[in-house]
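Student: The structure under discussion is supplied below as structure tokens; questions concerning it will follow.
The values are calculated or read from the model by the stated rules, or taken from the named source; none is laboratory data. Just so we're clear, the structure is a prediction, and the values are computed from it rather than from any experiment. Virtual Cβ from ideal backbone geometry, glycine too; neighbours counted across all protein chains shown.
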Amino acid sequence: MVTMPAAATITKRSEELITLEDRYGAHNYKPLDVVISRASGAWMYDTEGRRYLDFLAAYSAVNQGHCHPAILTALTEQAQKVTLTSRAFRNDQLPLLYEKLHELTGFEVALLMNSGTEAVETALKAARKWGEQVKGIAPERSEIIVCSNNFHGRTIAVVGFSSEPQYRDGFGPFTPGFRAIPFGDADALEAAIAPNTCAFLVEPIQGEAGILLPSEGFLRRVAEICQRHNVLLMLDEIQSGLGRTGKLFAYQHEGVTPDAVIVGKALSGGFYPVSAVLSSREVVGVFQPGDHGSTFGGNPLACAVARRARCHRRRRPAGTVGETRRVCDRVLAATACTTPGRSAWEGPVDRPRSIPRRGPCVSNCVSRASYVKRHTVP
């Protein structure tokens with residue numbers, strides 16, 4: 001197992017880069033002093049030439065492996081044709097991605113954005129507008145229920161309904177219209193629903209809070225409650241979706257069908273920020289021209305990359321799959337634990353003795369649904 005390099009082994013070049021970042025960059029992150037210079041498949045390399053097996057996979061954004069050759073080809077080919085037109089024009093890549101997403105997920109329509117939190121904001125706007133136009137809630141009275149310990153992004157609206165004090169500190173006043181319940185508590189959801197409730201936004205598996213799974217049957221109960229009360233069930237699968245739990249989406253382990261799914265991260269294999277809200281015409285159809293948009297959302301380069309990334313969801317490089325699977329087997333053997341199915345993201349309950357509390361191998365096994373539990377340790 002690779003351990004963190006001692007400070008004395010960091011080269012002058014790494015020190016220079018770290019100094020430049022600290023001097024001229026905002027300090028909203030506190031990264032490890034490992035300067036990555038290249039990556040391929042499951043492996044990353046620092047400026048000293050050391051190799052790291054990347055269990056983090058950019059929080060599942062590079063589940064296909066770093067610099068996947070097929071996605072790289074799609075990126076370079078499209079970049080030589082046209083990269084951005086704005087949505088004032090149509091382009092020849094957007095409809096092909098729409099079709100691919102429909103075939104892959106079964107949802108009627110998609111609305112393309114860039115970052116994950118932009119897609120969350122899009123879903124929130126759609127839910128509120130649906131609440132007024134379809135459910136008949138009075139203007140500016142729609143409410144959305146969320147869960148404690150959630151992580152849906154960093155915008156003002158989203159951090160306003162976060163339960164993490166640091167995410168809220170100094171950023172108020174916040175957007176009203178949100179009510180939080182304990183994660184995994186279906187009874188609390190039913191009790192919180194009011195006449196003005198338009199949607200319930202939830203992660204099928206919480207990642208930021210320490211990889212928390214709700215009890216078996218939670219999503220089935222939630223889906224029944226939302227349907228009975230005419231409340232949209234909106235699932236944030238930005239981190240849990242697109243194959244991370246052994247199925248395309250985490251919600252599929254319970255056989256439910258949400259009203260909307262939010263995707264991002266692995267949607268583009270780490271080459272380009274692409275996100276989307278997948279839903280029905282009834283929900284996304286509330287948007288009229290001019291209601292919502294993005295300069296870069298749905299641009300031809302993003303669409304070409306995302307389409308190729310989805311085509312290769314199951315066709316990853318043999319080296320990446322083989323190397324990472326062997327390490328996963330060793331990790332799981334160290335804990336005498338196997339974790340198939342929905343609980344695969346959570347992984348072993350006990351930390352393997354051979355895995356450091358901090359190190360380059362952190363949480364995500366990119367080649368199959370076997371994951372080392374990401375404990376909430378300092």
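Student: Take the residues in the stretch 276-291 that are among the aliphatic types (A, V, I, L, M) and in a helix (DSSP H, G or I); name whichever of them is surrounded by the most Cβ atoms within 10 Å (Cβ to Cβ). Working first, answer last.
Tutor: Kept after step one, since they are among the aliphatic types (A, V, I, L, M), are these residues of the stretch 276-291: 276-278, 283-284, 286.
From what's left, in a helix (DSSP H, G or I): 283-284.
Details: 283: 25, 284: 22.
Selected residue: 283.
Student: Right, here's the next one. Looking only at the stretch 94-110, which residues are among the aromatic types (Phe, Trp, Tyr), surrounded by 20 or more Cβ atoms within 10 Å (Cβ to Cβ) and assigned to a helix (DSSP H, G or I)? Full working, then the answer.
Tutor: Step one: list which residues in the stretch 94-110 are among the aromatic types (Phe, Trp, Tyr), which gives 98, 107.
This time we only want the ones that are surrounded by 20 or more Cβ atoms within 10 Å (Cβ to Cβ), so: 107.
Once the filter is applied, which keeps residues that are among the aromatic types (Phe, Trp, Tyr), surrounded by 20 or more Cβ atoms within 10 Å (Cβ to Cβ) and assigned to a helix (DSSP H, G or I), the stretch 94-110 yields nothing.
Student: For residues that are assigned to a helix (DSSP H, G or I) and either within 18 Å of residue 299 (Cβ to Cβ) or outside the structural domain of residue 100 (by TED's automatic domain parsing) (or both), tally how many sit in the stretch 111-128. Explain how you work it out, then say what you get.
Tutor: Initial filter on the stretch 111-128 (assigned to a helix (DSSP H, G or I)): 116-128.
Checking the rest, the ones that are also either within 18 Å of residue 299 (Cβ to Cβ) or outside the structural domain of residue 100 (by TED's automatic domain parsing) (or both) come to 116, 118-119, 122.
Adding up the residues that qualify gives 4.
Student: Filter the stretch 230-252 for residues that are under 18 Å from residue 280 (Cα atoms) and assigned to a loop (DSSP other than H, G, I, E, B) and give the result.
Tutor: Taking the stretch 230-252 and keeping what is under 18 Å from residue 280 (Cα atoms), we get 230-237, 249, 251-252.
Answer for the stretch 230-252, where residues must be under 18 Å from residue 280 (Cα atoms) and assigned to a loop (DSSP other than H, G, I, E, B): 230, 231, 237, 249.
Student: Check whether at least one residue in the stretch 299-308 is surrounded by fewer than 24 Cβ atoms within 10 Å (Cβ to Cβ), part of a loop (DSSP other than H, G, I, E, B) and in the same structural domain as residue 104 (by TED's automatic domain parsing), and report yes or no.
Tutor: Checked the stretch 299-308: no residue is surrounded by fewer than 24 Cβ atoms within 10 Å (Cβ to Cβ), part of a loop (DSSP other than H, G, I, E, B) and in the same structural domain as residue 104 (by TED's automatic domain parsing).
Student: Right, another one. Taking residue 240, is it of a type outside the set (Phe, Trp, Tyr), without any contact (Cβ under 8 Å) to a residue 24 or more places away in the chain and surrounded by 15 or more Cβ atoms within 10 Å (Cβ to Cβ)? Show your work before the answer.
Tutor: On the way: of a type outside the set (Phe, Trp, Tyr): yes; without any contact (Cβ under 8 Å) to a residue 24 or more places away in the chain: no; surrounded by 15 or more Cβ atoms within 10 Å (Cβ to Cβ): yes.
Considered against the rule, which asks whether it is of a type outside the set (Phe, Trp, Tyr), without any contact (Cβ under 8 Å) to a residue 24 or more places away in the chain and surrounded by 15 or more Cβ atoms within 10 Å (Cβ to Cβ), residue 240 comes out as no.
Student: Here's another thing I want to ask about it. Which one of 63, 28, 91 is part of a loop (DSSP other than H, G, I, E, B), under 30 Å from residue 284 (Cα atoms) and either touching a Ser or Thr at 6+ places or on another chain (Cβ under 6 Å) or without any contact (Cβ under 8 Å) to a residue 12 or more places away in the chain (or both)?
Tutor: Step by step, each of 63, 28, 91 is checked, and only 91 is part of a loop (DSSP other than H, G, I, E, B), under 30 Å from residue 284 (Cα atoms) and either touching a Ser or Thr at 6+ places or on another chain (Cβ under 6 Å) or without any contact (Cβ under 8 Å) to a residue 12 or more places away in the chain (or both).
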